[in-house]
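Engineer: One structure, pasted below without further comment.
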Amino acid sequence: MNDIIRDALHGIPTNRESNQASLQNIPTAELLECQFNGLMTDLISAVQGVALTLAKLHREKADWSSASESVVDRLRNKLQSWVEEIQGLSRGRYERAIGSDKIQQLASFVDRAIDYSREEGVASLLQGDASPGNFFWDPIQGITMIDYGGLTRSMDASGRPIGPAEMDAAGFHERPEVQGEFWKAYKAHGIPINEGLVRLFKTRTQLSRLWAAVDNQSASRDEHKAVQLSEKVKFEWERLVSISPEKIQPWRVLVVANSSGPVTLFMVQPEDEAKMASSGHGQAKVVCIPSRGDDPSALLYHVAKVHQPGDYSLPIPDNQNASPFNLVIGHSRYSSTAASLIRERWYPTAKLALITHTSALRKSDVAWKWYGQTRELGYVEAARLAMLNERILPKADLAVGVGPVLTTEAREREWMGQYNRPRANMMGPRFHELVPGVRTGDACAQQRQPNDLFRTGMPILEISSMTARRGMSL
């Protein structure tokens, strides 16, 4: 690939002979360094072209949905079968190649990669074998892909993408400097990438390389190549270790709220600042919008529509950190519209979760004054809020209902607005029933005394007056 890039990459001067003549008087060491730097510059340019080509392929359907879980499950099962063989039939070869202590370490690497890959990936069309050798650069035609048989396997019967984009992106396995440039160019397109799945596919690729190196070492009878083959095994093992960190980065969550709660991140400044300051927020960072005396929900939406995250000291997506947040959460009618817009404008690679904690239509039947001064105005406002949910819930990745009734409400509102679903996610969001809980404390120390009365007829319960009106007595 280096030869192809050196001769065909766009940007190499056409007068190479004159350039070569001008380099005759340069010392050999400097000349080699100069040629290496020039080649690396050209190689990085080609790598960026490959990244842009893959990004274009992965965005072919305009919107994203979840990849088929069966694709990733097959890979998990394959990795586990490899580990079982290494620990069983092939244990002797691997003990001689890497040592018995590293076999258990290898198994833990694979287990960790599987554990960190539980989140769904992005459904995309795939090249299927995105190694550098399957891409060619031409100064006129640009990037050409070959050996893309995996493209057909990344679609279902209706032509809908089901392949995880992480499979292609993780297949690019070169020196760290080149990998960094690849990821920088790829993430610039805002494609949401699941880091856990990337690690899983990288583990698959690197484990297969280690497998091949151990096989070559075991099959070789050439004593002159023994050292070279041993170094190859050591090199592949170290690369496997490098992609298997001890810890995975925790999820970064942005909670959008119209007022202070126990844990919030982005909200309107409450009137009682002392209350907010005294509230415990744990490890959450609280970012407040100065209150203007307006409706907090309307102010949140205005900020999401007009401003940028940097205006409020929130992280800005860039080449180094394309996904500052993994999840954006909106709370019912109070902040769901703002959260949806923040995900769309500020953090497009994040997942969106919307919580439903009330049914405006059901509530307006018994508490219309909550929404308007008259029953008619209350119904009109409740209908507006219901239609608002119908517009934004289909855009969510996860719809959460507080209890079974409100989970059903979320399903109904999402179904009524299903025409708002993204094209690539015609099945709509997933639903989760949130079961409210309580904080447990010490048991009540007060005990009932023997002479305490049962206060069945106490006035506060109005039982006496109720029975008197009906001619009854207790």
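Engineer: Residue by residue, what Karplus-based ³J(HN,Hα) values in Hz, rounded to whole numbers, does the stretch 76-90 have, using 6.51, -1.76 and 1.60 with θ = phi - 60° and x for Gly and Pro?
Structural biologist: Each residue's phi maps through the Karplus curve to give 4, 5, 5, 4, 5, 5, 4, 5, 4, 5, 5, 7, x, 4, 9 Hz.
Engineer: Separation of the stretch 36-51 and the stretch 184-207 by C-alpha centroid, Å?
Structural biologist: Here the two parts' Cα centres lie 20 Å apart.
Engineer: Here is a further query. Greater than 21 Å separation of Cα atoms is the criterion. Which listed pairs, 202/351; 56/305; 78/184; 202/234; 56/187, meet it?
Structural biologist: 202/351; 56/305; 78/184
Engineer: A follow-up question, please. Efficiency by 1/(1 + (r/R0)^6): what FRET value for residue 223 and residue 101, r their Cβ-Cβ distance, R0 = 25 Å, to the nearest 0.05?
Structural biologist: 0.40
Engineer: To the nearest 0.05, how large is the calculated FRET efficiency for residue 375 and residue 56 if R₀ is 35 Å and r is the Cβ-Cβ distance?
Structural biologist: Efficiency, from the Cβ-Cβ distance: 0.05.
Engineer: Using Cβ counts within 10 Å as a stand-in for footprinting exposure, how do 355, 143 rank, fewest first?
Structural biologist: 143, 355
Engineer: Within 10 Å, count the other beta carbons around each residue, average over each peptide in 152-165, 334-347, 212-225, and list them highest first.
Structural biologist: 334-347, 152-165, 212-225
Engineer: Taking amide H positions as placed 1.01 Å from N in the peptide plane, with prolines and chain starts having none, which residues 5 or more places from residue 189, or on another chain, fall under 5 Å of its amide H?
Structural biologist: none
Engineer: Got a sec? How would 109, 36 order by Cβ neighbour count within 10 Å, fewest to most?
Structural biologist: With the sparsest Cβ surroundings first, the list reads 36, 109.
Engineer: Once phi is turned into θ = phi - 60°, what whole-Hz ³J(HN,Hα) does the Karplus curve with 6.51, -1.76 and 1.60 give for every residue of the stretch 332-340, x standing for Gly and Pro?
Structural biologist: Karplus-based 3J(HN,Hα) across the stretch 332-340 equals 6, 6, 6, 9, 5, 5, 5, 4, 4 Hz.
Engineer: Which whole number in µm²/s is D for the stretch 30-243 by Stokes-Einstein, with the Kirkwood Rh taken over Cα pairs at 37 °C and 0.692 mPa s?
Structural biologist: This corresponds to a translational diffusion coefficient of 175 µm²/s.
Engineer: Now for a separate question. Of 44, 316, 193, how do they rank once you tally other Cβ atoms within 10 Å and put the fewest first?
Structural biologist: Fewest-to-most ranking of 44, 316, 193: 316, 44, 193.
Values in this text are rule-based calculations from the coordinates and carry no lab data. Keep in mind that this is a model prediction, so the values were computed, not measured. Ideal geometry is used to build each Cβ from the backbone, glycine not excepted, and the neighbour counts take in all protein chains shown.
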